[in-house]
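What follows is one structure encoded as structure tokens, with my remarks underneath.
The values are calculated or read from the model by the stated rules, or taken from the named source; none is laboratory data. These numbers come from a predicted model, not from an experiment. Because the Cβ atoms are built from the backbone with ideal geometry, glycine has one as well, and the counts that use them run over all protein chains shown. Side chains are part of the model used for accessible areas, which takes the heavy atoms of the whole protein and leaves out ligands, DNA and RNA. Shrake-Rupley method; radii C 1.70, N 1.55, O 1.52, S 1.80 Å.
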Amino acid sequence: MEIRRPDSTNDFDEVLALVQACDRAVYGDSDWTAAELREEWDDLELDSDAWMAVDGGRIAGVVHVYGLRGSRVLLDGYVHPELTGRGAGSLLLDRAEARARELAADAPAGEAKWVETAHLVGDPTAPELLAGRGYAMLRTYHRMIIDLEPGIPAPSWPGGLELRPFDPERHARQLKLALDEAFVDEWGHEKRDYDAWAERVLGVPQFDPELVLVVWDGGEIAATAVGYQKRLGDWGLVSLLGVRPAWRRQGLGLSLLQETFRRFAERGETTAALGVDSENPTGATRLYERAGMRILWRADVWRKELRPDA
């Protein structure tokens, strides 16, 4: 088994086929697209943060390591379903965890340092592999989707609240503050400085200010939804949906979804998607089900403490 770095040109198509095969083995389809994998690789330092396992001339597995997020290092790994049981997963985790320890060394002194990864629920090999390496399962995330068919219900805005066009130059900083407040109790939420947040939210290729919905109460942002076309799958993605605590329980979340679905459909999207923590403290999964969404796949998140001697 050879472990080497991915070649961004020559290995791309085979790695894309590999990650798609992993999805199909679990739920019969895949939301990986060439555009998503290219974006992923463009954002990574492949020479330091990615590895492939090659067995008999075939790419058996791949792992990506993402930067330090607070006290966590995130990684994402795949082993081809036809090539499991040959040690590719363990060898890739060896490299990824060593890199995670290097990155975690930059975390503030005294903070717990963790490596986190996830796998699709239904993967027959990942739970045993991760548990055997000292990982513990934390929680489950859902990818939820809806078919955008004619007859999307019209949104209803509570009295005194108004949906207004989003102007990035005038409203972006206020939007960030509103989202930070809306997500303050959500597990895994990372409070970034403005420039890092703006690059991640406003700087993506699919950014469209008309898919940033902002509901105002006078001069205050009450709620918002941020959507993108053709992102993380062949669909419109509701990337962020947040209602500030003082404006909850008025139906704003449902109305924002309905308006986002309508705008996606106008742009030719046939499906809308989002991700949600199954233990979201605001009961978001129930809201999305009321909006007509269904679970496409589930992914379990696992965590392991990083120690120099581990």
- Can you tell me which residue among Ala182, Ala172 is without any contact (Cβ under 8 Å) to a residue 60 or more places away in the chain and either over 30 Å from Asp94 (Cα atoms) or out of contact with any His (no Cβ under 7 Å at 6 or more places or on another chain) (or both)? Ala172
- Looking at the stretch 39-98, which of the residues that are assigned to a strand (DSSP E or B) and among the small types (Gly, Ala, Ser) is surrounded by the most Cβ atoms within 10 Å (Cβ to Cβ)? Gly61
- Note on the structure: For the stretch 171-203, the count of residues that are exposed (fewer than 14 other Cβ atoms within 10 Å of the Cβ) and farther than 23 Å from Pro245 by Cα equals 5
- Tell me, which strands (runs of 3 or more DSSP E) lie completely within the stretch 226-307 with 1 or more residues that are under 18 Å from Thr33 (Cβ atoms) and of a type in the set (S, T, N, Q)? 236-243, 271-277
- Restricting the first residue to the stretch 186-207 and requiring it to be in contact (Cβ under 8 Å) with a residue 12 or more places away in the chain, which pairs with a second residue that is of a type in the set (Phe, Trp, Tyr) meet a Cβ separation below 9 Å and a spacing of at least six or different chains? Val201/Phe207; Val204/Tyr228; Pro205/Tyr228; Gln206/Tyr228; Phe207/Tyr228
- Task: Check off (1) within 20 Å of Ala154 (Cβ to Cβ); (2) surrounded by fewer than 23 Cβ atoms within 10 Å (Cβ to Cβ) for Ala225 and give me the number that stays unchecked.
- Result: (2)
- Query: Restricted to the stretch 253-310, and to residues that are hydroxyl-bearing (Ser, Thr, Tyr) and under 25 Å from Ala126 (Cβ atoms), which residue is least open to solvent (accessible area, probe 1.4 Å)?
  - Reply: Thr285
- Considering the stretch 9-35, residues that are outside any helix (DSSP H, G or I) and more than 16 Å from Val79 (Cα to Cα), and then whichever is most open to solvent (accessible area, probe 1.4 Å), we arrive at Asn10
- Just one listed residue, out of Leu213, Leu274, Leu252, Leu256, is in contact with a helix residue (DSSP H, G or I) (Cβ under 6 Å, 6 or more places away or on another chain), in contact (Cβ under 8 Å) with a residue 40 or more places away in the chain and not charged (D, E, K, R), and it is Leu213
